[in-house]
Amino acid sequence: MTCSKCKHDFCWLCLMDWQKHGSSTGGYYACNIFDTKKKEDKNFQSEQQIIEKSKNKLIRYQFYYERYSNHQKSKEICRKQIGRFKEGSQKLFKVKNYPASELAFFEESAAEIIACRQVLKWTYATGYFVEEVVQPHQIELFKFQQQELEQACESTHKLLESDLSPYLDTDSPDRSNFYKFRGNLINQKDVLKQRRQHMLENTEGIMTLCEEVEAKAGVQNGAPEKKPLQPPKKAAIKPKKK
């Protein structure tokens with residue numbers, strides 16, 4: 001390329017004087033000086049590499065934060081729906097004379113979903129920070145249990161939101177469909193509780209390991225002190241303190 005002001009000829013790739021190019025650099029139009037520079041400097045990163053690295057960090061942050069935020073929103077939605085669930089159970093009590101003791105599963109299921117959303121929310125905060133300090137197989141187990149818990153939570157929440165009008169038909173004495181619905185929801189609620197407890201047990205182990213690793217990452221045999229994991233500046237999730 002030629003500078004429009006000073007008319008200096010230079011290589012657009014390595015920005016060096018065009019006169020230094022030739023067969024020794026791979027030809028005038030196949031410059032490998034740029035590649036040589038990369039080989040000589042092991043710490044060299046092109047501008048594109050830096051951009052890609054920053055982009056990947058942002059994408060990773062957004063992935064975890066969006067799921068953290070979504071579970072918080074879903075938890076609040078379920079909390080606001082409790083009044084509706086109570087109203088539905090009261091209708092079943094008044095219209096179909098179901099015993100109050102047989103209708104408690106509505107509020108119990110809602111309470112379990114709320115507790116589950118809270119745990120899931122923090123599993124994404126945990127997952128964001130633990131990848132650098134735990135073994136790959138532990139991360140895989142963590143993500144597997146997280147996925148299992150999410151699936152159970154979504155299916156239970158969806159079932160809890162079911163339309164109750166088919167069970168309020170005063171012209172039909174048949175109650176089998178309601179008891180089938182009740183049994184399914186109770187079973188799903190129990191599975192959800194079990195998976196939540198397993199997730200908590202596994203998360204506790206991972207967080208304990210994180211604390212141990214960071215505690216041992218101080219000055220050892222003259223090694224520099226390891227800085228604690230920090231989120232991106234815009235992160236709303238704070239890491240657990242030492």
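Exactly one condition in (1) at pLDDT below 95; (2) surrounded by fewer than 18 Cβ atoms within 10 Å (Cβ to Cβ); (3) among the basic types (K, R) is not met by K158; state its number. K158 satisfies every listed condition except (1). Against the test of being modelled with pLDDT of 90 or more, over 23 Å from R84 (Cβ atoms) and buried (at least 18 other Cβ atoms within 10 Å of the Cβ), the options Q188, Q146, Q151 yield a single qualifying residue, Q146.
Counting the residues of region 136-169 that are of a type outside the set (G, A, S) and touching a residue at least 24 places away in the same chain (Cβ under 8 Å) gives 17. A search for C-beta distances below 6 Å between a residue of region 115-135 that is in the same structural domain as K193 (by TED's automatic domain parsing) and any residue that is part of a helix (DSSP H, G or I) and hydroxyl-bearing (S, T, Y), counting only pairs 6+ apart in sequence or on different chains, returns R117/S74; K121/Y68; Y124/Y64; Y124/Y68; A125/Y68; T126/T203; Y128/Y64. Could you list, in sequence order, all residues of region 172-185 that are surrounded by 12 or more Cβ atoms within 10 Å (Cβ to Cβ) and of a type in the set (K, R)? Matches in region 172-185: R175, R182.
Give me a count of the residues in region 133-150 that are touching a helix residue (DSSP H, G or I) at 6+ places or on another chain (Cβ under 9 Å) and either not in a helix (DSSP H, G or I) or not basic (K, R) (or both). Looking only at that region, the number is 12. Screening K73, K57 for residues that are assigned to a helix (DSSP H, G or I), loosely packed, with under 14 Cβ neighbours inside 10 Å and modelled with pLDDT of 95 or more leaves exactly one candidate, K73.
Sub-9 Å Cβ pairs linking a first residue in region 80-98 that is not assigned by TED's automatic domain parsing to the domain that holds E161 to a second residue that is of a type in the set (D, E), at least 6 apart or interchain, number zero.
The values are calculated or read from the model by the stated rules, or taken from the named source; none is laboratory data. Please read all numbers here as calculations on a predicted model, not as lab measurements. No Cβ is skipped: glycine too gets one built from the backbone with ideal geometry, and neighbour counts run over all protein chains shown.
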